[in-house]
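Colleague: For reference, the structure I am asking about is given below.
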């Protein structure tokens, strides 16, 4: 075989491999079909899906394929499957996302810290105009209340939980459900960052004072002071991760 033939054969094999990898498996295809059945049929939470046998007949699929597809949809939080009852449509997607994200708390590198805090700066600092436009007196009162509870916290765990509540209350001023949902999903890793930072600092004193400066700036509607106080607060924990190596 000459070089041209070998090259042609290699390219042909590569193309075939690409085509095969782009074709969804039978299970993936079944997941898409069931999702289409839900959307096209106008089904919603509480509605029942066809039985396993009916799905097999409808889509000309094996029982194992249908069963595995239902397991995936259950893992997504889209359906609940119970013996003798069958599959019912649910909306547990947020809970599944929380479960999956919690695995990221096993280790936190400096890069992870920078990514998470950078995201939070985009939301909490970058949304300053919207926060100032939409905040109400009760927002200020609630944030001060949470901060007072943080000052009285008896442990790093309790202080970190209250620290998170303070920031979640802040972003709730945006009245953007997607943002608050993302913060709830990220809670395990944000809490881990807060706990580690507080191990190196006065976890009741410094955090309380930093939060107080943020709330004072909000109350006085001082945008520059608010941004400076919050930017400094979000960056302070970097010392807790300075010895960590970068993630690949």
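The values are calculated or read from the model by the stated rules, or taken from the named source; none is laboratory data. All of these numbers come straight from a predicted model, not from anything done at the bench. Quick reminder, even Gly has a Cβ in these numbers, built from the backbone with ideal geometry, and neighbours come from all protein chains shown.
Colleague: Can you spot a residue in segment 106-117 that is at pLDDT below 95, within 30 Å of residue 34 (Cα to Cα) and not in a loop (DSSP other than H, G, I, E, B)? First the steps, then the outcome.
Modeller: Of all residues in segment 106-117, those at pLDDT below 95 come to 106-117.
Then keep just the ones that are within 30 Å of residue 34 (Cα to Cα); that gives none.
Looking for residues that are at pLDDT below 95, within 30 Å of residue 34 (Cα to Cα) and not in a loop (DSSP other than H, G, I, E, B), one finds none in segment 106-117, hence no.
Colleague: Quick check on segment 189-205: of everything there that is assigned to a helix (DSSP H, G or I) and loosely packed, with under 15 Cβ neighbours inside 10 Å, which residue is nearest to the chain's Cα centre (by Cα)? Can you show your working first?
Modeller: Step one: of segment 189-205, the residues assigned to a helix (DSSP H, G or I) are 189-199, 205.
Checking the rest, the ones that are also loosely packed, with under 15 Cβ neighbours inside 10 Å come to 199, 205.
On the way: 199: 25, 205: 29 Å.
Of everything passing the filter in segment 189-205, 199 is nearest to the chain's Cα centre (by Cα).
Colleague: Exactly one condition in (1) at pLDDT 85 or above; (2) surrounded by 15 or more Cβ atoms within 10 Å (Cβ to Cβ); (3) in a helix (DSSP H, G or I) is not met by residue 240; state its number.
Modeller: Of everything listed in (1) at pLDDT 85 or above; (2) surrounded by 15 or more Cβ atoms within 10 Å (Cβ to Cβ); (3) in a helix (DSSP H, G or I), residue 240 misses just condition (1).
Colleague: Modelled with pLDDT of 85 or more, assigned by TED's automatic domain parsing to the domain that holds residue 32, surrounded by 17 or more Cβ atoms within 10 Å (Cβ to Cβ) and not in a helix (DSSP H, G or I): does that describe residue 61?
Modeller: On the way: modelled with pLDDT of 85 or more: yes; assigned by TED's automatic domain parsing to the domain that holds residue 32: yes; surrounded by 17 or more Cβ atoms within 10 Å (Cβ to Cβ): yes; not in a helix (DSSP H, G or I): yes.
Criteria met by residue 61.
Colleague: Between residues in segment 129-158 that are in the same structural domain as residue 222 (by TED's automatic domain parsing) and on the phi < 0 side of the Ramachandran plot and residues that are surrounded by fewer than 15 Cβ atoms within 10 Å (Cβ to Cβ) and outside any helix (DSSP H, G or I), which pairs lie under 8 Å by C-beta distance while being six or more apart or on different chains?
Modeller: 132/221; 134/175
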